[in-house]
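What follows is a short report on a single structure.
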Amino acid sequence: MKIIVLVKQVPDTWGERSLDSATGALDRSAPDNIIDEISDRSLEVALRHKDETGAEVIVLTMGPASAAVALRHCLAMGADSAVHVLDDALAGADVTWTSSVLAAAITHEGFDMVIAGNESTDGRGGVIPAMVAEHLSVPHLTSLSEVHIAVDVVNGSRETDYGTLTVTARLPAIVSVTEQSPDARFPSFKGLLKAKKKPLATLSLSDLSINPETSFGSTGRSTITTVTRRPARTAGIKIVDSGNAGVELAEFLAAGRFV
Amino acid sequence: MSTALTLIEVSPSGEIRGSAKMLLAAATRLGTPVAVLSTTPGDHSEHVKQLGDLGAHHVFIAESTQTDSLLATPAVESLAAAFSHFETSAAVLVTNSVEGREIAGRLAVRIGGGLTIDAIDITLVNDRVVARNSVFGGAFDVESSIHGGPAVITLRQGSIDEEVTAHTPDLITITLSLTSVAAATITSRTEAPTDSGRPDLRGAATVVSGGRGVGSKEDFLLVEQLADALGAAVGASRAAVDAGYITHSLQVGQTGTIVSPQLYIALGISGAIQHLAGMQTAKVIVAVNKDPDAPIFDFTDFGIVGDIFTVIPQTIEALHRFRH
Amino acid sequence: MTLLTTRPGEIGLLAAGAIRSALVKATDQANISSYIEGQSPLAWSDISDAGWDLVGVTEDDESATLRDLVEIAKAWGEITVQLPLLTTIMAKRHSARAAEHDGPVTFSIPTQALAAGTGMVPFGHIAHMHMVADFTSDTSSLVAVQSLTSDIFAPSLRAAHSSHITTFTAEAAREISVVWAAEGSGIAKRAVADAVTYAKQRMQFGKPIGSFQAVKHHLSNAHMDAEQAETAAVWGSLDPTNAHRSAVYSLDLSIRAVELAIQVHGGIGFTWEMGLHFYLRHLITLREMVTGLGDHA
Amino acid sequence: MPTTQERNAREVFTSAARVWLQENVPARWRENRGSLSEKETDEIRHEWDRQLHRGGFAGLSLPKEFGGQGLSMVEEVIFHDLAAQAQAPDGLARIGRILTAPSLIGHGTDEQLARFLPKILNGDEIWCQGFSEPNAGSDLAGVSCRAVKVDGGYLISGRKTWTSFAKMAHRCLLLAQTDPSAPRHKNLTMFLLDMKQPGVNISPIKQASGLTHFAEVQFDDVFVSDADRVSTEGSGWKVAMTTLMNERGGVEATSRYVEIRSDMDLLLATLGDRPDLRKQLDELDIRVELVHWQVSKAVDLELDSPDFFRATSILKLLWSELWQETSILGLENMTPETSDHWRLQYLETRASSIYSGSNEIQRNIISERVLGLPR
């Protein structure tokens, strides 16, 4: 079985994150970049299946040159090979572009199953797995807290806002996992030395036969028009309770028609 | 005028979920509002009337016996069918939930639309849909416009709250064929317990939250009492969840639920940045805390330095008096 | 001086990344004061089972360079936990006997804080800890740490005093100094990042204090110190002649950066619960030990 | 990370540069520098620009297609280092090379590149910089020198100050206000002004040290054609930022390092046996070397990486404050043999915390752009 794991590098969440007011893109210059924890968990799901059955695990990312470090990290954890889609034309790509490029790369590699995180810590959109599934015309089983992979079928439990579902689909399919899925293994030094010898391929858009103008020209795009730092909320009324504050609060709520 | 499609959510027991009001109000701003219902075959006259009361001009019902057993795809197919039926749809609005986002994502790919996720406001500017998002815990506002294709937008629950005029809607009913679609099958379903009778945290217009300052699991009752007096949802800070006062599913904050209510009341919550990230887009914020230096006071419209156990019972009593 | 490269190799980058992410996960960004006096948030076996204690030992012609170890130590310092990783890596790198030993290893260093004949043993307070007796000999066995007293000044170092003092080779003394300087620069970087976050959140006069120029300039100075502390460690790793003096100066800079970070935190900065003093205590003890290594380096 | 091949290439470059410098630095300069007349000094410095060009060492880090050598910042820094060790003169083309050229490569037209770059690189044209103004201080957005649109170009009126090389410059990289009603940062435009025109009046500024490195320049309705406008009207702030990011980079710090290193060597030679100064001297010596390592660390990073800006943003502060401290220590401990040097150096270095962006502004830049503190 051939499993492709989608991984992503995100800014380390120490301190505050920032947007470039000129482009609206995430200002990636501020903190260090690390592999997203949810990517680690997705890889863990694939590696456990590999441990049991010997499946082939390929990690795939789309991102700047520095994202190669994240791929090496995944190889050190135990992935067999890595694919890096790297192209200047992809700077600032939105979910529409990202999903079609990822789908093209997945098709390029061939797959039985794709595993991704349910949402990244920086974008938090949570739509990429479903969009890639639509491009590939395969089912998506997303937000799974538990995943069971068999020869030609995958099933799991899915957490939604309204409860828990058990879901199943025949392969090929796309799965996304949540924070509830098991912790990733700790990469080892031996694994790291082995990783240095594993293949890491870099693909450009032309390798994937994508011409940004013709491929994306006819689809809708969401373009950021303004980015404003929300004015810090200013403190309003602040009173110290001298015995009547509870009533004053009720009056405040009544005046605001919240009652 | 072009149409704006909304995906109406229906609970497994057949009731229209609360998000319908927000979606139809938002759609009214963009064009002629259409309610799209993906459901199993049956009598939907009650739904149609209800959606008309919420402002729908057209109700588009896509029926299939498999609707309940397939994941997300029936809704995608229903919206796609409605999209080709109403040739001039400018926008498709879906609730921002796990499932809503995925439906929107697949649909955007299907119809070549541009996608905006988790918008907190939308408007029409020069015939173009402009969506506003609040990112990084409310620190930034981002406005984006969608061009080159239809706009597919997921809206944060509770973010738009306005009354629209009721209509007697047209009804279009079609039958979907789902036999060959690529979809996962739902084999069983456990509904999240909603026995509290309180509104869902995510979409509630008012939220009352308690923090570490509440002191114990038993005393959390006070938070619930104020919530019930206001018809509000109950929330909690991470500290209160970690201390075991209340279940994790009610945690408000960066790692819990992000809420955007009209009114947010924080009781015994100091205001860690992670908590603020989950609620600071609330329209009005009220806090009661013993510590006069609690950071939350920098964000409140009305702050009370005091003991919640003396202040809140007084408030509840006064609220009852106002009612009568 | 010819300028070649100041950057770490792939081993350094990947190992630092792996260790950093493990530490981030284990501590869940908790304040240092919540765990440093109790149990380590990361188990020693998590590190040793994965072989990271051997990262400095040459095998199949591959090993971390001192520059790589600087990168690892820096990451380790950014998220300080009370585990003997750096002493073990350095002991195993410079002593064949230590490399064969299955467990954490340390060493004993005379410092100006202790009476003559007594050595400071970082992590000597941990049970079953062994130390290198003599780096100059391939045959000398490890000795079990027989602690006279535990040294509680820096809880993050779990140090003990011992009447046995390790004999160092010049190279071992030099490299240990550089690695500790790098760890110190990671600590400084972390303290500055925390102070920056605090300055953005803490409101006074209706504004975050980070918008006031006096606070900005403190933080810029702290940033410069932390940045230069790292540069001094990198320099030390590439220039043996100056390794020891650059390491001592690097720790001076890190200490100054943490002092400024404390200042920016205002009153809360010098409280026990805020935890900044743990960084300061750790750095001061490192400087004592690195100074103590000066006779060998 | 440099590959073995790159390392070898760097070593080859280093030895080639060393040999070339050995053969080409004028002996007259090396040996009689103190006794040359101002005219002789200028001639040697101007000729040095031409020598660099003939030797293939002009514009090391500029792309080949623009007449540069297509090498990296690393080679640029290595060469500066070696040139200073070989006591080479500082050419007069510095402003053109480190400010005008990158601005044009970033924002200029093909025609502007073709017209100006060759003459910058071969030393034919000397440039000066017209950014600072008497009333704008360190705040470039406060520039009030006006450019009024006329047929085919603009008329420039106003006053610029702290202009190096003004007297001998052929051209000025000039920032002027084109639209007083536009918001800050959008009202400026960059021009390539011909200095040899009527209406350009230059008055030297005598510094505290008695030297005249700078001048004040008055422009009265000086014409500059549309073809000599850089990028679009209103883009001047953006262009200036490209330019200044360059000014604060590693090349400047390297040449400063070499000057401070020679002051430090003088301190060690004359005061090295003073036990009371040992700790102070040792610390200063380490700090001087750290400037060098800081540059090495910076240039070794990818130019567009966040770490590069983090590493370079502190350079100006490091060398300027260090230089002041070494000169103070020299002044406090001078002897009859060294007193002339330290007295002059002390006064000269007063300016170092003010020029190239005052150190207060530098700290604001670090706190806002590196640390992300609110404005």
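Find how many whole Å separate the alpha carbon centroid of the stretch C:30-68 from the alpha carbon centroid of the stretch A:144-181.
35 Å
Quote the relative contact order of the stretch D:1-105 in percent (integer), defining contacts as alpha-carbon pairs under 8 Å separated by 6+ residues.
Numbers: 76 pairs, mean separation 33.9, N = 105.
Worked out over the stretch D:1-105, it gives 32 percent.
Using modelled backbone amide H atoms (1.01 Å from N, in-plane), which distant-in-sequence or interchain residues come within less than 5 Å of A:Ile239's amide H?
Counting only residues 5 or more places away or on other chains, the set is B:Gly303, B:Ile304, B:Val305.
Counting pairs of alpha carbon atoms under 8 Å apart in space and at least six apart in sequence, what relative contact order in percent does chain C give?
19 percent
Determine the relative contact order of chain B: mean sequence separation of Cα pairs under 8 Å and six or more apart, normalised by residue count, in whole percent.
Relative CO of chain B lands at 15 percent.
GNM, chain D, Cα, under 10 Å: largest mean-square fluctuation among D:His53, D:His213, D:His292?
Comparing D:His53, D:His213, D:His292 in a Gaussian network model of chain D, the most mobile one is D:His213.
Per q in 0.12 Å⁻¹, report the Debye log10 I(q)/I(0) for chain B, using one uniform scatterer on each alpha carbon and no solvent.
Each listed q maps to, in turn, -0.86.
For chain A, which longest stretch is free of loop sites, where a loop site is one of the trypsin sites (Lys or Arg not before Pro) that DSSP puts outside H, G, I, E and B and that has at most 12 other Cβ atoms within 10 Å?
With a cap of 12 other Cβ atoms within 10 Å, the longest stretch comes to A:1-196.
Mind listing P(r) for the stretch A:2-216? All alpha-carbon pairs, 5 Å bins, whole percents.
Once binned at 5 Å, the Cα pair distances of the stretch A:2-216 give 1, 7, 15, 20, 21, 17, 11, 6, 1, 0.
Please identify which residues in the stretch C:117-156 have an amide N closer than 16 Å to a label point set 7 Å out from the Cα of C:Glu37, following the Cα→Cβ vector.
C:151-156
What is the P(r) of the stretch D:1-145, as percent of Cα-Cα pairs per 10 Å bin from 0?
Pair shares across the bins are 10, 34, 31, 20, 5, 0.
Express in Å², to the nearest 10, the accessible area of C:Asp194 obtained by rolling a 1.4 Å probe over the protein heavy atoms while all chains stay in place.
Counting only protein heavy atoms, C:Asp194 exposes about 50 Å² to solvent.
On a C-alpha basis, how far is the centre of the stretch B:139-210 from the centre of the stretch B:264-324 in Å? Whole number, if you could?
Result: 29 Å between the Cα centres.
With a cut-off of at most 11 other beta carbons within 10 Å, and DSSP calling the residue loop, which GluC sites (Glu not before Pro) in the stretch B:107-164 qualify? Please list them.
Within the stretch B:107-164, the qualifying GluC sites (Glu not before Pro) (loop, at most 11 other Cβ atoms within 10 Å) are B:Glu162, B:Glu163.
Hey, what do the phi angles of the stretch B:72-85 turn into as Karplus ³J(HN,Hα) couplings, whole Hz, using 6.51/-1.76/1.60 and θ = phi - 60°, x for Gly and Pro?
6, 4, x, 5, 4, 5, 5, 5, 4, 5, 5, 4, 7, 5
Between D:Asn135 and C:Ile152, what FRET efficiency comes out of the Förster formula 1/(1 + (r/R0)^6) with R0 = 41 Å and r the beta carbon distance, rounded to 0.05?
Numbers: r = 60 Å, r/R0 = 1.47.
Approximately 0.10, to the nearest 0.05.
Counting heavy atoms of the protein chains only and a 1.4 Å probe, report the per residue accessible area for chain C as a whole number of Å². Before the final figure, lay out the partial values.
On the way: 10450 Å² over 297 residues.
I get 35 Å² per residue for chain C.
Specify, per residue and in Å³, the volume enclosed by the convex hull of the alpha carbon atoms belonging to the stretch B:3-175.
For the stretch B:3-175, the hull spanned by Cα atoms encloses 107 Å³ per residue.
What residue among B:Ser97, B:Ser144, B:Ser13 shows peak mean-square fluctuation when chain B is described by a Gaussian network model with Cα springs under 10 Å?
B:Ser13
Can you give the accessible area of A:Met1, probe radius 1.4 Å, in Å² rounded to 10?
Counting only protein heavy atoms, A:Met1 exposes about 70 Å² to solvent.
Would you mind computing, in nm to one decimal, how far apart the modelled labels at C:Gln213 and A:Glu109 are, each placed 7 Å from Cα along Cα→Cβ?
5.4 nm
Show me you know the interface measure: the accessible area buried between A and D, both chains summed, probe 1.4 Å, in Å² to the nearest 100. Could you put the intermediate results ahead of the total?
On the way: alone 15320 and 18630 Å², together 33700 Å².
The summed interface area works out to 300 Å².
Once B and A are treated as a pair rather than alone, how much accessible area drops out, both sides summed, in Å² to 100, probe 1.4 Å?
6700 Å²
When N counts the residues of chain C, how does its alpha-carbon radius of gyration compare numerically with 2.2 N^0.38 Å, as a ratio? Before the final figure, lay out the partial values.
On the way: Rg = 18.7 Å, N = 297, 2.2 N^0.38 = 19.1 Å.
Output field value: 0.98.
What FRET efficiency do you get for D:Lys39 and D:Thr212 if R0 is 25 Å and r is their Cβ-Cβ distance, rounded to the nearest 0.05?
After rounding to 0.05, the efficiency reads 0.95.
As I understand it, the value is the acute angle between the Cα axis of helix D:236-247 and the longest principal axis of the Cα atoms of chain D; what does it come to in degrees, rounded to 10?
20 degrees
Keeping every protein chain in place, order D:Arg350, D:Arg369 by accessible area at 1.4 Å, biggest value first, i.e. largest first. Write down the numbers at each step before the final one.
On the way: D:Arg350 80, D:Arg369 130 Å².
So the residues, ranked largest to smallest area, are D:Arg369, D:Arg350.
When we measure straight from the Cα of B:Lys49, which lysines land under 19 angstrom away, once same-chain ones fewer than 8 places off are left out?
B:Lys49 reaches B:Lys21.
Which far-off residues, 5 or more places away or on another chain, put their amide H under 5 Å from the one on B:Gly235, with H placed in the peptide plane?
Answer set, sorted by chain and number: B:Val208, B:Ser209, B:Gly210.
Quick one: go through the stretch B:233-258 and flag any residue whose amide nitrogen is under 12 Å from the point 7 Å out along the Cα-to-Cβ line of B:Asp161.
Taking a point 7 Å out along Cα→Cβ of B:Asp161, the residues of the stretch B:233-258 whose backbone N falls under 12 Å are B:233.
Over all alpha-carbon pairs in the stretch A:162-208, figure out the percentage whose distance exceeds 14 Å.
It works out to 77 percent of all Cα pairs.
For the stretch C:260-276, what does the Karplus curve 6.51 cos²θ - 1.76 cosθ + 1.60, with θ = phi - 60°, yield as ³J(HN,Hα) per residue in whole Hz, taken in order and with x for Gly and Pro?
Those phi angles translate into 5, 4, 5, 4, 5, 6, x, x, 5, x, 9, 8, 4, 5, 5, x, 4 Hz.
Can you list the residues of the stretch A:154-170 that have at least 30 square angstrom less accessible area with all protein chains present than in their chain by itself, probe 1.4 Å?
For the stretch A:154-170, once contacts with the other chains are taken into account, A:Arg158, A:Asp161, A:Tyr162, A:Thr164, A:Leu165, A:Thr166, A:Val167, A:Thr168 lose 30 Å² or more.
So, by mean Cβ neighbours within 10 angstrom, what's the order for C:73-81, C:166-174 with the highest one leading?
Highest-to-lowest ranking by the protection proxy: C:73-81, C:166-174.
Measure out, as a whole number of angstrom, how far apart the alpha-carbon centroids of the stretch D:254-325 and the stretch D:182-203 sit.
Cα centres, the stretch D:254-325 to the stretch D:182-203: 36 Å.
How many Cβ atoms of partner chains, on average, are near each residue of B:313-321 if near means within 10 Å of its Cβ?
5
Using a 1.4 Å probe on the protein heavy atoms, what percent of the accessible area of the stretch B:206-323 belongs to carbon and sulfur?
Working: 2160 of 4130 Å².
The C+S portion of the solvent-accessible surface of the stretch B:206-323 is 52 percent.
Using a 1.4 Å probe on the protein chains only, how many percent of the accessible area of the stretch C:160-297 belongs to carbon and sulfur?
Values: 2390 of 4460 Å².
In the stretch C:160-297, the share of accessible area belonging to carbon and sulfur is 54 percent.
Please list the three semi-axes, largest first and in whole Å, of the ellipsoid equivalent to the stretch C:1-129, using sqrt of 5 times the eigenvalues of its alpha carbon gyration tensor.
Taking √(5λ) for each Cα gyration eigenvalue gives 24, 21, 16 Å.
Set the Förster radius R0 to 41 Å, insert the Cβ-Cβ distance between B:Ile174 and A:Val153 as r into 1/(1 + (r/R0)^6), and round the FRET efficiency to 0.05. All intermediate terms of the calculation are to be shown ahead of the outcome.
Numbers: r = 31 Å, r/R0 = 0.76.
Calculated value: 0.85.
Amide H of C:Ala160 versus every other amide H placed in the peptide plane: which residues, excluding those fewer than 5 positions away on the same chain, fall under 5 Å?
C:Val121, C:Phe123, C:Gly124, C:His125, C:Asp151
Of D:Leu21, D:Leu36, D:Leu322, which has the largest mean-square fluctuation in a 10 Å C-alpha GNM of chain D?
Judging by the Gaussian network model, the answer is D:Leu36.
Give the Rg (one decimal place) followed by the Dmax (whole number) of chain D, computed from C-alpha coordinates and expressed in Å.
21.1, 71
For chain A, with every protein chain kept in place, what is the accessible area per residue (1.4 Å probe, Å²)? Present the calculation step by step, with values, prior to reporting the outcome.
Details: 10580 Å² over 259 residues.
Roughly 41 Å² per residue, with all protein chains present.
Using protein chains only and a probe of 1.4 angstrom, how many square angstrom of D:Phe223 are accessible, to the nearest 10?
That residue has around 80 Å² of solvent-accessible surface.
Taking all pairs of different Cα atoms in the protein assembly as shown, averaging 1/r and flipping that mean, what Kirkwood radius in angstroms comes out? Mind dumping the intermediate values first?
Values: mean 1/r = 0.0293 Å⁻¹.
About 34.1 Å, per the Kirkwood formula over Cα pairs.
I need the Debye-formula profile for the stretch C:63-196: one equal scatterer per C-alpha, no solvent, reported as log10 I(q)/I(0) at q = 0.09, 0.13, 0.17 1/Å, two decimals.
Evaluating at q = 0.09, 0.13, 0.17 Å⁻¹ gives log10 I(q)/I(0) of -0.25, -0.53, -0.90.
Does anyone have the angle between helix B:308-323 and the longest principal axis of chain B? Alpha-carbon axes, 0 to 90°, nearest 10?
60 degrees
Out of the total accessible area of chain D (probe 1.4 Å, heavy atoms of protein only), what percent is carbon and sulfur?
Of the solvent-accessible surface of chain D, carbon and sulfur hold 51 percent.
The values are calculated or read from the model by the stated rules, or taken from the named source; none is laboratory data. The structure presented is a predicted model; accordingly, all values stated were derived computationally and were not measured. Quick reminder, even Gly has a Cβ in these numbers, built from the backbone with ideal geometry, and neighbours come from all protein chains shown. When the accessible area is computed, the model is the full protein with side chains, heavy atoms only, and any ligands, DNA or RNA have been set aside. Shrake-Rupley method; radii C 1.70, N 1.55, O 1.52, S 1.80 Å.
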